[in-house]
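Sharing a structure here in structure tokens format.
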Amino acid sequence: MKFFIDTANLEQIKEAHDLGILDGVTTNPSLMAKEGIKGSEAVMKHYVDICEMVEGDISAEVISTDFDGIVAEGLVLAALHKNIVVKVPMIKDGVKAIKYFTDKGIRTNCTLIFSAGQAILAAKAGATYVSPFIGRVDDMGADGVELIYQIRRIFDIQGYKTEILAASIRNALHIIKCAEAGADVCTCPLDSILGLLKHPLTDSGLAKFLEDAKKFA
Ligand code: E4P
């Protein structure tokens, strides 16, 4: 399973990158706004900065909701850097735009996926990635990880090449469960990635080893 970081924060991207496990980055308009980036020139520069920091797929999201607007925005984003993946919402014009981008050889990430049906449509349109939002599914009282299992089964039966990018990750357990469910990629906040490191027996075991090492130092 590939690891993407789900942030537009350059320091957090650098920290995950320095860990040596980072395969890419996903952003969205909320994450960009959180960084206080204003104006389309600054937004474009920020995407390029991320691309120069991480060698891997970088999702940049369109904010138009009509076909012409999505296509126009997506073409500009895709031209910024070879690693940009155009992130398109799961709406009717979004599906049409994904097909358009697919035919042009432009890679896409279909975002805001909450059902297997939506994932099938995105895959049929040729999306490079589908992003099921498992945390938000959990928030509704349903089972987000089960959605990953279901999409995995369908994609395997149908032979779809679209990669399953588990999104809206809230904790380290989500990452483990997504790996178990067969997600191709997990995009995670830095805290959830670092949460994978933690185990009290590792801490106490290391403390004992270091204590004992003093005996022969
Ligand atoms: C995915 O690409 C989205 O950016 C993200 O995972 C949404 O997560 P949230 O539900 O924590 O906002």
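Which numbered condition trips up residue 101, out of (1) within 21 Å of residue 196 (Cβ to Cβ); (2) buried (at least 19 other Cβ atoms within 10 Å of the Cβ); (3) more than 13 Å from the ligand (Cβ to nearest atom)?
Going through (1) within 21 Å of residue 196 (Cβ to Cβ); (2) buried (at least 19 other Cβ atoms within 10 Å of the Cβ); (3) more than 13 Å from the ligand (Cβ to nearest atom) one by one, residue 101 breaks only (1).
Find the residue count for segment 114-141, including only residues that are within 14 Å of the ligand (Cβ to nearest atom) and outside any helix (DSSP H, G or I).
Selection size over segment 114-141: 9.
Any chance segment 69-83 includes a residue that's away from the ligand (no atom under 16 Å from the Cβ), over 23 Å from residue 6 (Cα atoms) and open to solvent by less than 50 Å² (accessible area, probe 1.4 Å)?
Checked against the condition, which is being away from the ligand (no atom under 16 Å from the Cβ), over 23 Å from residue 6 (Cα atoms) and open to solvent by less than 50 Å² (accessible area, probe 1.4 Å), segment 69-83 yields at least one hit.
For (1) of a type outside the set (Gly, Ala, Ser); (2) touching a residue at least 60 places away in the same chain (Cβ under 8 Å); (3) touching a strand residue (DSSP E or B) at 6+ places or on another chain (Cβ under 7 Å), each residue gets a yes or a no:
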position: 4; (1), (2), (3): yes, yes, yes
position: 8; (1), (2), (3): no, no, no
position: 13; (1), (2), (3): yes, no, yes
position: 22; (1), (2), (3): yes, no, yes
position: 30; (1), (2), (3): no, no, no
position: 40; (1), (2), (3): no, no, no
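Quick one: how many residues across segment 119-128 are out of contact with any helix residue (DSSP H, G or I) (no Cβ under 6 Å at 6 or more places or on another chain) and surrounded by 20 or more Cβ atoms within 10 Å (Cβ to Cβ)?
Of the residues in that region, 3 qualify.
Any idea which residue in segment 163-195 is farthest from the ligand (Cβ to nearest atom), counting only those that are open to solvent by 10 Å² or more (accessible area, probe 1.4 Å) and polar (S, T, N, Q)?
Only one residue tops the list, namely 171.
Give the residue, chosen from 40, 64, that is open to solvent by 10 Å² or more (accessible area, probe 1.4 Å), of a type in the set (Ser, Thr, Tyr), at pLDDT below 95 and away from the ligand (no atom under 13 Å from the Cβ). Break it down stepwise before answering.
Numbers: 64 fails: at pLDDT below 95.
So the residue among 40, 64 that is open to solvent by 10 Å² or more (accessible area, probe 1.4 Å), of a type in the set (Ser, Thr, Tyr), at pLDDT below 95 and away from the ligand (no atom under 13 Å from the Cβ) is 40.
So, one more: What residue, among those in segment 104-114 that are without any contact (Cβ under 8 Å) to a residue 60 or more places away in the chain and open to solvent by less than 40 Å² (accessible area, probe 1.4 Å), is farthest from residue 49 (Cα to Cα)?
113
Report yes if residue 208 is open to solvent by 20 Å² or more (accessible area, probe 1.4 Å), in contact (Cβ under 8 Å) with a residue 12 or more places away in the chain, of a type in the set (Lys, Arg) and not in a loop (DSSP other than H, G, I, E, B), otherwise no.
Details: open to solvent by 20 Å² or more (accessible area, probe 1.4 Å): yes; in contact (Cβ under 8 Å) with a residue 12 or more places away in the chain: no; of a type in the set (Lys, Arg): yes; not in a loop (DSSP other than H, G, I, E, B): yes.
So residue 208 does not fit the description; no.
Oh, and also: Within 16 Å of the ligand (Cβ to nearest atom) and either over 18 Å from the mean Cα position of the chain (by Cα) or surrounded by 19 or more Cβ atoms within 10 Å (Cβ to Cβ) (or both), is that true of residue 54?
For residue 54, the condition - within 16 Å of the ligand (Cβ to nearest atom) and either over 18 Å from the mean Cα position of the chain (by Cα) or surrounded by 19 or more Cβ atoms within 10 Å (Cβ to Cβ) (or both) - is met.
Any idea how many residues of segment 145-203 are polar (S, T, N, Q) and either without any contact (Cβ under 8 Å) to a residue 12 or more places away in the chain or in a helix (DSSP H, G or I) (or both)? Before the answer, list the steps.
Step one: filter segment 145-203 for residues polar (S, T, N, Q), giving 150, 158, 162, 168, 171, 187, 192, 202.
Checking which are either without any contact (Cβ under 8 Å) to a residue 12 or more places away in the chain or in a helix (DSSP H, G or I) (or both) leaves us with 150, 158, 192, 202.
Total satisfying the criteria: 4.
Still on this structure, I have one more. Taking the condition of being over 15 Å from residue 83 (Cβ atoms), within 16 Å of the ligand (Cβ to nearest atom) and not β-branched (Val, Ile, Thr), how many residues in segment 11-37 meet it?
So the count comes out to 10.
The values are calculated or read from the model by the stated rules, or taken from the named source; none is laboratory data. Predicted model only: the values in this text are computed from it and were never measured. Neighbour counts are summed over all protein chains in view; Cβ atoms, including those assigned to glycine, are modelled from backbone coordinates with ideal geometry. Just the protein is used for accessible areas: all its heavy atoms, side chains included, with ligands, DNA and RNA removed. Shrake-Rupley method; radii C 1.70, N 1.55, O 1.52, S 1.80 Å.
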